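Below is one structure; the comments refer to it alone.
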Amino acid sequence: AGSLISRRAFLTGVFAALGATAPLAPGRTAAGGAAEWPGAMVLRARPATVSLGRRTVSTWAYGDTVPGPLVQVAAGETVAVRLVNELPAPTTVHWHGIRIDPRMDGAPGFSQAPTRPGGTFDYVFTAPDPGTYFYHSHVGMQSDRGLYGPLIITDPDEPLDYDEEFTVVLDDWLDGIRGTPDAALRRLNSSTGHDDTLRSAALGGVAAELRHPVYLLNGRGPDTPETFATRSGRRVRFRVINAAADTPFRVALGGHRMTITHTDGFPCAPVTVDTFIIGMGERYDFVVRLDWGAFPLVAVAEGKRGRAYGVVRTSAGAVSPLWQAKVPELQRQMLKYQDLNAESDDHLPRPTRSVTVTIGMRPSGNEWTLNGRLADDPMRVRVEPDETIRLILDNRSPMWHPMHLHGHTFQLRVAGSRGPRKDTVNIKPRERLHLDVLADNPGEWMFHCHNLYHQEQGMMGTLGYG
Ligand code: C2O
Ligand code: CU
């Protein structure tokens, strides 16, 4: 099994794992600044001029790239990252999908105060589970400006057989091209909403910018795609991360069927499909054996127009237009949650009780509720330590909602299936899903929609202990 990272730009974000001893207590800041903390990675959140291929934009980024640098360690090792806030606003880093100490979770107002401009914060934690994750700012719409990056926890005993791997980060980009995410949010909030014909699949309002973002794959627009160069016959693992604010993507690789091996970092019983939908905050890993040629890796914006685009290449020459044309048809052989099963059934005791979480839309169309409540007086799910509870998600709204639970994973049960282990689930309009959660990480945790506009329009609840 290989673990080659082939994304050139990611390699420039050098990460050096710490040795056995961490030099600082978690959350503490050394007086002398980053230079006195050798071995740790430094993430500078700052205004930056970033190239998106043909376009150059002024935005906020970690360092000078979007996505930010790869953070990678092996499971069981220490992640040690110093956030240096050079932004004109407070910020945090959230380690999406990682089951860690709540003080390291980067959830402002829950477990840590945001880091002020000019300040630093040291994130130090042990990576518990191997898999594909990402990190992002958890303050307002900051993530949508480019404050996100891939987080990969490798498995020291990797059971999956593959020769090479690539990471694919998807985004819907506004900032510096079509207004800012904050302006789009203001427009949503001031619109009367409620005209279904003007809505995107994910969105609950009207904001023209949001219907025509530039779709990015690894920070590049479709006119200057990322190329993944390799050799035919190789088994290649793709780690796909949806970091977009408002766009689920339908992913396909021209000429190939994909064997899905992981959902949200955790292994699932392998299932081979032509395409799958990835909601915001979800991750899928798939493996393919590559043919000879050049193939489009497309991520079609679900319910909108446009696509993110990459090229997988095992030979010289152009991408065949045949594959391009075929991709939209692939919806018919699409992965469904029902097709996914956990690799084994043993991580979770049976739930002892259930709690219903109803997703609703206020008549304005600009507010999204959990059990009728908005973020300022949130829904609060209470659990006892070490119990397993079933959350019954009941979507009574006309929109998709990628619901994300911090600090935990859940087992998704669809129609009695032995469902996959996940931390984010993209619930469709009027769908009901069962999420079995093992409450094994005491704290007060966010449970929210990963459509960042919905999150900012109230769709934020909590799961807490006692
Ligand atoms: Cu990636 Cu609370 O989010
Ligand atoms: Cu939502």
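What follows draws every value from the coordinates through simple rules; no lab data is involved. All of these numbers come straight from a predicted model, not from anything done at the bench. Every residue, glycine as well, gets a Cβ built from its backbone with ideal geometry; the counts of neighbours run over all protein chains shown.
Return Asp122, Asp105, Asp129 ranked ascending by Cβ neighbour count within 10 Å, so the fewest neighbours appear first. Write down the numbers at each step before the final one.
On the way: Asp122 21, Asp105 28, Asp129 16.
Final ranking by Cβ density, sparse to dense: Asp129, Asp122, Asp105.
Counting only DSSP beta bridges with both residues in segment 353-465, the antiparallel share comes to about 70 percent. Under 5 Å between amide hydrogens, built in the peptide plane, is the criterion, and for Thr369 it picks out Gly360, Met361, Arg362 among residues at least 5 positions away or on other chains. Close amide-amide hydrogen proximity is noted between Asn341 and Ala269, each under 5 Å apart and 5 or more residues distant or on a separate chain (H modeled in the peptide plane; Pro and chain starts excluded).
Taking only the Cα atoms of segment 101-151, the ratio Rg/Rh comes out at 0.96, with Rh defined as the Kirkwood radius. Restricting the calculation to Cα atoms, segment 353-465 yields a radius of gyration followed by a Dmax of 13.1, 40 Å.
Model label sites at Arg382 and His212, defined 7 Å from Cα along the beta-carbon direction, differ in position by 5.2 nm.
For a modelled paramagnetic label at Arg418, 7 Å from Cα along Cα-to-Cβ, the residues of segment 258-300 in reach, with backbone nitrogen under 16 Å, are 267-271.
Can you tell me how much longer the chain between Asn189 and Asp161 gets when fully stretched, taken as 0.36 nm per residue apart minus their C-alpha distance, in nm with one decimal?
Working: separation 28, 0.36 × 28 = 10.08 nm, distance 4.84 nm.
Using 0.36 nm per residue and subtracting the Cα-Cα distance, I get 5.2 nm.
Charge tally for Thr49 (other residues, Cβ to Cβ under 15 Å; Lys, Arg +1; Asp, Glu -1): +2.
Net charge within 12 Å of Phe134 by Cβ-Cβ distance, Lys/Arg positive one each and Asp/Glu negative one each, not counting Phe134 itself? Display every interim value, and only then the final one.
On the way: positive: Arg239, Arg283; negative: Asp171, Asp264, Glu282, Asp423.
Here the count lands on -2.
Near Arg396, once Lys and Arg are set to +1 and Asp and Glu to -1 for all other residues with Cβ below 13 Å from its Cβ, the sum equals +2. One chain, two ends: Ser364 and Arg231. Fully extended at 0.36 nm per residue, the span grows by 42.6 nm beyond their Cα-Cα distance.
Each part reduced to its alpha carbon centroid, segment 119-133 and segment 282-318 end up 29 Å apart.
What does the convex hull of the alpha-carbon atoms of segment 404-466 project to on average, in nm²? Write down the numbers at each step before the final one.
On the way: hull surface 19.6 nm².
Its Cα hull, projected and averaged over all orientations, spans 4.9 nm².
If a spin label sat at a point 7 angstrom from the Cα of Leu348 along the line to its beta carbon, the backbone N atoms of segment 428-466 nearer than 13 Å would be those of 433-440. Distance from the Cα centre of segment 341-413 to that of segment 44-117, in angstrom? A separation of 26 Å, based on Cα centres.
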